[in-house]
Amino acid sequence: MGKIIAVANQKGGVGKTTTVVNLAAYLGFRDKKVLCIDADPQGNSTTAFGIKKKGVSASTYDVLIGKARIQDAIIETEFKNLSVVPATENLAGVEIELLNMENRVNRLKMQLLPIKDSYDYIFIDCPPALGSLTINALVACDSIIVPMLAEFFALEGLSQLVNTIKIVKNNYNPSLDIEGILFTMFDSRLKIANDVVAEVEKYFPGKVFETKIPRNVRISEAPSHGKPIMYYDKGSKGNDSYTLLGLEVLGEPLVLPQKKRRGIFNFKK
Ligand SMILES: Nc1ncnc2c1ncn2[C@@H]1O[C@H](COP(=O)(O)OP(=O)(O)OP(=O)(O)O)[C@@H](O)[C@H]1O
Ligand SMILES: [Mg+2]
């Protein structure tokens, strides 16, 4: 059975898109069939998968307003087992258009029902807001990954998100679960970072991913090349961290595949 995971946090720039793109790529590489829905008008995950928005004929916008079936909006990427429903700028108008429509919070869920079991994982990249797009994602999903920064203000944002999750759970999606809280751009040398992790672990026992994603410049470069980190720089720390996150999601031991230690025993006279 397919699992739908929304990656959400109303705070901007916390690594939602980066997490969708790189986790999806790893799971696809591991022979899982993966679909990513870009539910953000910025269309960042669309671009990060190397898809040109100009060539897009049907997008998340068309799917939500019922102009296209989701099957007709799916684009296969050049990466293994990985497809995308792209987003373009017109998605920004959907919040207002949905106001007058029936079932406005259920629209993504309805579209996903017939295709859910054709995939092992479906990720939804949410925008930095708690509007109709994020609500549609929370109603449609089985679980949520919450990327966050280990900063003081992040805690305030988290309680707002948790409230929204509660409302959605009580009204529309009783089995909604937190898959995990993921610390991104993490610097373990900072006391505040470790304090914030301890605080979040106290309130969400067992829900904080053991894997922390460090700040890594290769991760931030990869989208401009239209590639997930594992296809851009396999040897980077960034790739190691998203590999470990992938293993954690799969429930496998957190052991990295052996790296070739080139040159070390390779003496030349
Ligand atoms: N681990 C990391 N190391 C270095 N840079 C990172 C890392 N994770 C994300 N970034 C960079 O930080 C910026 C924000 O990341 P990202 O776009 O994934 O966040 P987001 O939560 O999706 O943002 P938005 O709310 O605007 O959708 C991007 O420029 C991204 O390349
Ligand atoms: Mg984003």
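What follows draws every value from the coordinates through simple rules; no lab data is involved. Since the structure is predicted, the reported quantities are computational estimates derived from the model, not experimental observations. For neighbour counting, all protein chains shown are included, and Cβ atoms are generated from backbone atoms with ideal geometry for every residue, glycine included.
Would you mind getting me the FRET efficiency between VAL217 and LYS33? Use the beta-carbon distance for r and R0 = 30 Å, nearest 0.05.
Values: r = 31 Å, r/R0 = 1.04.
Rounded to the nearest 0.05, the efficiency is 0.45.
So what is the relative contact order of the stretch 3-250, in percent, for Cα pairs below 8 Å that sit 6 or more residues apart?
Details: 489 pairs, mean separation 65.0, N = 248.
26 percent.
Kindly work out what percent of the DSSP beta bridges joining two residues of the stretch 3-250 are antiparallel, to the nearest 5.
On the way: 2 of 27 bridges.
Close to 5 percent.
For the chain, find the longest principal axis of its Cα atoms and tell me its angle to the long axis of helix 191-203, 0 to 90°, nearest 10.
Between the helix axis and the principal axis of the chain, the angle is about 50 degrees.
For the chain, what does the equivalent ellipsoid look like in terms of its semi-axes, each the square root of 5 times an eigenvalue of the Cα gyration tensor, given largest first in whole Å?
Numbers: eigenvalues 186, 109, 52 Å².
Equivalent ellipsoid semi-axes, largest first: 31, 23, 16 Å.
What does the helix-only formula give at 222 nm for the chain: each DSSP H stretch with n ≥ 4 adding -39500 (n - 2.57), the total divided by the residues, and the result rounded to the nearest 500 deg cm²/dmol? Present the calculation step by step, with values, prior to reporting the outcome.
Working: 11 runs with 100 residues, N = 269.
Dividing the helical sum by the residues of the chain leaves -10500 deg cm²/dmol.
Hey, fewest Cβ within 10 Å first, where do MET110, MET1 land in order? All intermediate terms of the calculation are to be shown ahead of the outcome.
Values: MET110 16, MET1 7.
If I rank by nearby Cβ atoms, fewest first, I get MET1, MET110.
For ASN171 and ASP117, FRET efficiency with R0 = 22 Å and r from the beta-carbon atoms, rounded to 0.05?
Once the sixth-power term is evaluated, E becomes 0.30.
Can you spot the aspartates and glutamates whose alpha carbon is less than 19 Å from LYS166's alpha carbon? Ignore those fewer than 8 places along the same chain.
Answer for LYS166, where 19 Å is the Cα cut-off: ASP142, GLU156, ASP177, GLU179, GLU201, listed by chain and number.
Angle between the Cα long axis of helix 16-29 and the longest principal axis of the chain, 0 to 90 degrees, nearest 10?
The angle comes out at about 70 degrees.
Which of ILE213, ILE75, ILE167 moves most in a GNM of the chain, Cα contacts under 10 Å?
Top of the fluctuation ranking is ILE167.
For the stretch 96-173, which chymotrypsin sites (Phe, Trp or Tyr not before Pro) are both in a DSSP coil and crowded by at most 12 other Cβ atoms within 10 Å? Working shown, then result.
Working: sites: TYR119, TYR121, PHE123, PHE152, PHE153, TYR172; in loops: TYR119, PHE152, PHE153, TYR172.
For chymotrypsin sites (Phe, Trp or Tyr not before Pro) across the stretch 96-173 that sit outside H, G, I, E and B with at most 12 neighbouring Cβ atoms in 10 Å, the list reads PHE152, PHE153.
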